[in-house]
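Beneath this line is the structure, given in structure tokens, with notes to follow.
The values are calculated or read from the model by the stated rules, or taken from the named source; none is laboratory data. Predicted model only: the values in this text are computed from it and were never measured. Backbone-built Cβ (ideal geometry, glycine too); neighbour counts: all protein chains shown. In case anyone asks, the SASA skips ligands and DNA or RNA and just uses the protein heavy atoms, side chains included. Shrake-Rupley method; radii C 1.70, N 1.55, O 1.52, S 1.80 Å.
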Amino acid sequence: MQISNRISAVCESGSLKMAARCQEMRRQGVDVVSMTLGEPDFAAPEHVKQAAIKAVADDWSHYGPVPGYPSLREAIAGTLGGRYQANEIMVSTGAKQVIYNAIMVTINKGEEVVIPTPCWVSYMEIVKLAEGVPVTVPTTAETNWKVTAEQLEAALNERTKMVMLCSPNNPTGSVYSRAELEALITILERFPDVWILSDEIYQHINYIREVVSLADFENIRERLILVNGISKAYAMTGYRIGWMATKSRDLWQAYNRLQGQSTTCACTVAQKAAEAAYLASQDCVEQMRLAFEKRRDLIMELVREWPDVTCTCPEGAFYIFPDVSAYYPRLAKRLGSVSAASREMTEYLLNEAHVACVAGADFGEDRCIRLSYATDESTIREAMKRIAEALKRI
């Protein structure tokens with residue numbers, strides 16, 4: 001029996017694959033340090049857990065409305081400064097499902113989606129599932145891994161249906177300034193039929209004064225697909241609550257129809273917990289942000305000690321994306337192969353240093369590897385020490 005061509009064309013998630021490898025080695029008794037997943041190591045805030053317990057006790061155990069409970073959508077709208085109403089919000093099973101649904105209801109076979117790289121591992125694969133064409137625009141460390149207006153203009157044409165942006169960015173931690181976004185919007189204004197999907201899931205994990213949302217720009221709001229959720233800011237990855245905000249009624253209704261035929265609704269207990277997260281004090285978000293900033297400073301101090309490695313300093317999220325390509329020729333020689341790149345490097349580090357990280361090739365940049373510092377400081381120190389020692393042996 002054969003499986004569909006559609007799924008055969010899609011790659012497995014590199015980050016999830018490496019995390020699974022790490023778990024399997026641990027089951028076999030190997031002391032592996034994981035720097036793979038973008039998952040905060042904090043517990044969910046106590047008031048959120050209590051809200052979830054209360055939701056169970058109060059029997060919030062039945063099907064909910066497809067777009068999410070009105071009270072949660074009101075709470076989400078309340079965080080958006082009056083730019084969106086509750087009936088313009090759609091709640092789904094995590095931000096990943098939001099992006100999947102949004103692409104499925106906007107992209108036809110053969111239509112192009114412009115994606116600056118490095119980018120999150122699932123963007124290109126979801127576009128492929130929709131039978132669209134991912135058009136990658138490589139960025140460089142010289143522009144802090146951000147696409148320029150000139151690059152964007154060169155990538156757009158009559159086949160372009162969507163542009164995807166992520167700020168703060170996974171995997172680089174780069175953040176677009178207001179001026180940089182304005183320059184991109186100036187180009188996009190000449191392509192009024194192009195959707196703009198803005199993944200802002202790391203909005204509250206930032207180390208600069210201001211993270212600008214594309215929702216701030218009224219002139220593109222009618223075709224903006226705003227994506228966010230509770231996973232990163234509130235350490236609630238397993239609750240699986242993400243949401244979309246859109247001014248397009250056609251898009252909202254199409255999305256509602258798709259979700260009604262797939263998952264029906266997000267977990268009702270998790271929705272009540274998310275409502276508590278948005279309505280209560282945000283001190284917990286700031287406390288975690290400060291901890292991530294301290295970890296960012298630590299891991300940057302340690303990565304700078306690695307010879308022949310360069311790394312931009314992340315302005316948000318909780319990843320570093322060091323360029324380790326100077327080691328590839330030596331690694332190839334050590335492995336007895338013609339060449340080596342990021343996947344060979346991550347395999348080497350897993351087997352030699354017992355540190356799991358993710359190949360840059362999975363994000364569209366083969367010179368680099370991604371390490372998540374969403375873990376405690378002792379784990380960061382141990383991982384960086386092991387990697388430093390392993391690099392010396394290449």
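The angle separating the long axis of helix 95-104 from the principal Cα axis of greatest extent in the chain is about 70 degrees.
Pairs of Cα atoms nearer than 8 Å and 6+ residues apart set the relative contact order; for the stretch 182-252 it is 29 percent. Find the Rg to Rh ratio for the stretch 22-103, where Rh is the Kirkwood radius over alpha-carbon pairs and Rg uses the same atoms. When Rh is taken as the Kirkwood radius, the ratio is 1.10.
Bridgeable aspartates and glutamates around Lys247 (alpha carbons under 14 Å apart, same-chain partners fewer than 8 residues away excluded): Glu88, Asp216, Glu218, Glu222. For the stretch 63-133, the solvent-accessible area with a 1.4 angstrom probe is 33 square angstrom per residue. Across the protein chains, with a 1.4 Å probe defining accessible surface, the residues Asp323, Asp308, Asp199 rank Asp308, Asp323, Asp199 from largest area downward.
With respect to the cross-link table entries Lys161/Lys294; Lys96/Lys294; Lys17/Lys109; Lys17/Lys333; Lys54/Lys128; Lys49/Lys96, which display a Cα-Cα separation exceeding 31 Å? In this structure, Lys161/Lys294; Lys54/Lys128 lie more than 31 Å apart at Cα. Taken about its Cα centre, the stretch 266-365 carries a charge dipole of about 220 debye when Lys and Arg each add +1 at the Cβ and Asp and Glu each add -1 at the Cβ.
With contributions of -39500 (n - 2.57) from each DSSP H run of at least four residues, the per-residue ellipticity at 222 nm computed over the chain stands at -11500 deg cm²/dmol. For the chain, the longest principal axis of the C-alpha atoms and the axis of helix 14-27 are separated by about 60°. The alpha-carbon atoms of the chain define a convex hull whose volume equals 163 cubic angstrom per residue. The heavy atoms of Phe217 offer some 20 square angstrom of accessible surface to a 1.4 angstrom probe. The relative contact order of the chain comes to 23 percent, based on Cα pairs under 8 Å that sit 6 or more residues apart. What is the list of residues in the stretch 87-107 whose amide nitrogen lies under 20 Å from a point 7 angstrom out from the Cα of Asn256, following Cα to Cβ? Residues passing the 20 Å test: 87-94, 97-107.
Remark: the stretch 299-316, residue by residue, has Karplus-estimated 3J(HN,Hα) of 5, 5, 4, 6, 5, 5, 7, 6, x, 6, 10, 10, 7, 6, 8, x, 9, x Hz, where x stands for each Gly or Pro and the curve is 6.51 cos²θ - 1.76 cosθ + 1.60 at θ = phi - 60°.
What a 1.4 Å probe finds exposed on the chain is 50% carbon and sulfur by accessible area, rounded to a whole percent. When both bridge partners sit in the chain, DSSP labels roughly 45% of those beta bridges antiparallel.
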